[in-house]
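Chemist: The structure follows.
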Amino acid sequence: MKIIKYEFNKNDHLGIINGNDIIPISIENKSTKNYNDLKSLILDWPLAEQRLKQIQKANKSKIPQEKVEIQAPISNPEKFLAIGLNYKKHRAESIDAGITPPRNQMWFTKQISCINKPYGDVLKPETTMMLDYEVELALIIGKQCNQIKASDAHQFIFGYMICNDFSMRDWQLHNMPERLETMIGKSYDTHGPIGPGVVTKEEIDDPHNLKISCYVNGDLRQSSNTNDMIWNCYEQIEYLSNAMTLKPGDIISTGTPPGSGFSPRGSSGKADKDRKGNVFLEPGDVVRCEIEGIGFLQNKIIADEL
């Protein structure tokens with residue numbers, strides 16, 4: 001099931017994606033609970049799942065996607081966590097840039113105020129000259145978990161979506177060479193587009209075998225597969241849950257493949273003589289992130305004129 005959040009007639013709703021249409025989840029039956037945000041749906045799962053399947057099967061009403069404004073699937077997670085340097089080829093290009101790779105999983109927080117719509121504009125503030133893109137597979141926690149094993153972690157995932165982990169590289173480098181900053185350069189307003197919807201876990205046969213790519217103005221910049229992860233989704237949940245309790249609705253972004261703007265390597269992580277390093281984003285650029293089986297994000301860069 002693919003669940004999407006959208007604005008229609010000035011109100012936010014949840015719906016089920018059905019081709020190019022949306023089947024609204026809103027129900028008028030007084031005996032049936034309505035859901036207007038993803039977290040309330042997750043908290044009532046699997047009962048909500050049964051009701052949604054009935055709605056999907058009945059298929060009584062549809063809204064064309066072009067008549068609504070798609071919103072971020074979830075705007076109120078308790079945590080928005082992301083792992084750094086988690087693709088083998090991305091780690092290799094980071095070493096090229098003089099960054100010492102971590103021995104263990106390296107985590108940071110993206111502040112939830114950075115969450116953006118899947119097709120929303122992304123602000124480029126005057127305070128950065130090095131705005132970069134990072135396509136990532138993200139997952140949403142479905143059940144509270146603490147100190148669990150990787151072998152059990154799949155039970156605690158609600159679904160998957162795409163995240164573009166926009167990064168202000170110059171802010172990340174403020175304290176180099178002593179240390180690489182993470183949160184401060186990755187939390188600017190609008191720098192966390194997610195979506196376009198959430199694909200529930202049973203629809204993804206293997207989250208570790210998905211094509212993942214990113215285009216800037218139609219030019220392929222990142223092209224890989226999630227099988228290049230160093231620590232897979234389940235190992236990430238094990239690691240995090242042994243440090244903190246993960247809650248329903250929490251977002252975990254699982255790392256980016258090679259080819260982001262700071263690297264002179266090509267989209268697949270190989271040396272590319274035709275590509276110049278430091279190809280950062282400017283107002284007017286359009287970034288499109290795609291993951292097999294999930295969909296795409298598309299965001300235009302605009303100047304933040306305060």
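Chemist: After finding the eigenvalues of the alpha carbon gyration tensor for region 189-306, what semi-axes result from the square roots of 5 times each, listed largest first in whole Å? Walk me through the numbers before you get to the answer.
Modeler: Details: eigenvalues 143, 71, 44 Å².
Square roots of five times the eigenvalues give 27, 19, 15 Å.
Chemist: Further question: Could you tell me how far the Cα centroid of region 120-137 sits from the Cα centroid of region 233-306, in Å?
Modeler: 10
Chemist: At a 10 angstrom cut-off on C-beta neighbours, averaged per residue, how do the peptides 237-248, 129-140 rank from highest to lowest?
Modeler: Details: 237-248: 17.9, 129-140: 23.8.
Ranked by mean Cβ neighbours within 10 Å, highest first: 129-140, 237-248.
Chemist: Place +1 on the Cβ of every Lys and Arg and -1 on the Cβ of every Asp and Glu in the chain, take the dipole about the Cα centre, and give the residue among Ala72, Phe280, Gln172 whose Cα lies farthest towards its positive end.
Modeler: Most positive-ward Cα: Ala72.
Chemist: Got the relative contact order for region 180-283 handy, in percent, Cα pairs under 8 Å and 6 or more residues apart? Walk me through the numbers before you get to the answer.
Modeler: Working: 97 pairs, mean separation 19.3, N = 104.
Across region 180-283, relative contact order equals 19 percent.
Chemist: Still on this structure, please answer the following. Could you calculate the contour length gain from Asn104 to Ile302, that is, 0.36 nm times the residue separation minus the distance between their Cα atoms, to one decimal place in nm?
Modeler: Numbers: separation 198, 0.36 × 198 = 71.28 nm, distance 3.61 nm.
Full extension from Asn104 to Ile302 adds 67.7 nm.
Chemist: Order of 4-17, 41-54 by packing, highest average Cβ count within 10 Å first? Display every interim value, and only then the final one.
Modeler: On the way: 4-17: 17.5, 41-54: 15.1.
Averaged packing, sorted descending, gives the order 4-17, 41-54.
Chemist: Give, in nm to one decimal, the length gained when the segment between Glu202 and Lys10 is fully stretched (0.36 nm per residue of separation minus the Cα-Cα distance). Walk me through the intermediate numbers first.
Modeler: Values: separation 192, 0.36 × 192 = 69.12 nm, distance 3.21 nm.
Contour length minus Cα-Cα distance gives 65.9 nm.
Chemist: Using only the alpha-carbon atoms, what does region 167-210 span along each of its principal axes? Please give whole angstrom values in decreasing order.
Modeler: 43, 23, 12 Å, listed from the longest principal axis down.
Chemist: Let me ask something else. In square nanometres, what is the average projected area of the Cα convex hull of region 134-198?
Modeler: On the way: hull surface 24.5 nm².
Mean orientational projected area (region 134-198, Cα hull): 6.1 nm².
Chemist: Kindly provide the pair-distance distribution of region 187-242 built from C-alpha pairs, with 5 Å bins from 0 and whole-percent values in order of increasing distance.
Modeler: Per 5 Å bin, starting at 0, the Cα pair percentages come out as 4, 13, 14, 22, 26, 15, 4, 1, 0.
Chemist: Once region 9-134 is represented by equal point scatterers at the alpha-carbon sites, with solvent omitted, what log10 I(q)/I(0) does the Debye formula produce at q = 0.10, 0.16, 0.17, 0.21 Å⁻¹?
Modeler: Scattering profile of region 9-134, log10 relative to I(0): -0.53, -0.97, -1.02, -1.27.
Chemist: Another one. Residue by residue through region 259-270, which ³J(HN,Hα) values in whole Hz follow from phi under the Karplus form 6.51 cos²θ - 1.76 cosθ + 1.60 (θ = phi - 60°), with glycine and proline marked x?
Modeler: Karplus values, whole Hz, x for Gly and Pro: x, 5, x, 7, 9, x, 6, x, 4, 8, x, 8.
Chemist: Calculate the FRET efficiency for Met176 and Asn76 from the Cβ-Cβ distance with a Förster distance of 45 Å, rounded to the nearest 0.05.
Modeler: Values: r = 34 Å, r/R0 = 0.76.
According to the calculation, E is roughly 0.85.
Chemist: What value in Å³ per residue do you get for the convex hull of the alpha-carbon atoms in region 63-205?
Modeler: Spread over its residues, the Cα hull of region 63-205 gives 150 Å³ apiece.
Chemist: Give me Rg/Rg_expected for region 2-70, where Rg uses Cα atoms only and Rg_expected = 2.2 N^0.38 Å with N residues. Please list the in-between numbers first.
Modeler: Numbers: Rg = 11.3 Å, N = 69, 2.2 N^0.38 = 11.0 Å.
Expressed relative to 2.2 N^0.38 Å, the Cα Rg reads 1.03.
Chemist: If contacts are Cα pairs under 8 angstrom and at least 6 residues apart, what is the relative contact order of the chain in percent?
Modeler: 23
Chemist: If you don't mind, another one. Let me see the P(r) profile for region 80-303: every Cα-Cα distance counted, bins of 10 Å, each bin given as a percent of all pairs.
Modeler: For region 80-303, the binned pair fractions read 8, 36, 39, 15, 1 percent.
Chemist: Could you give each residue of region 191-200 its phi-based ³J(HN,Hα) in whole Hz, using Karplus coefficients 6.51, -1.76, 1.60 with θ = phi - 60°, and x for Gly or Pro?
Modeler: My calculation for region 191-200 gives 8, x, x, 9, x, x, x, 10, 8, 5 Hz in order.
Chemist: Let me ask something else about it. Just to confirm my numbers, what's the Cα centroid distance between region 83-119 and region 149-180 in Å?
Modeler: Each part reduced to its Cα centre gives a spacing of 5 Å.
Chemist: Taking H as built 1.01 Å from N, whose amide H comes closer than 5 Å to the amide H of Met106, not counting residues under 5 places away?
Modeler: Residues meeting the criterion, in which the H sits 1.01 Å from N, are Gly84.
Chemist: With both bridge residues required to lie in region 80-303, what share of the DSSP beta bridges run antiparallel, to the nearest 5%? Could the numbers behind the result be given before it?
Modeler: Details: 40 of 48 bridges.
The antiparallel fraction comes to roughly 85 percent.
Here, each number is a calculation from the coordinates, and none is a lab measurement. All values derive from a computational prediction rather than experimental measurement. In this analysis, Cβ positions are derived from the backbone assuming ideal geometry, glycine residues included, and neighbour counts consider all displayed protein chains.
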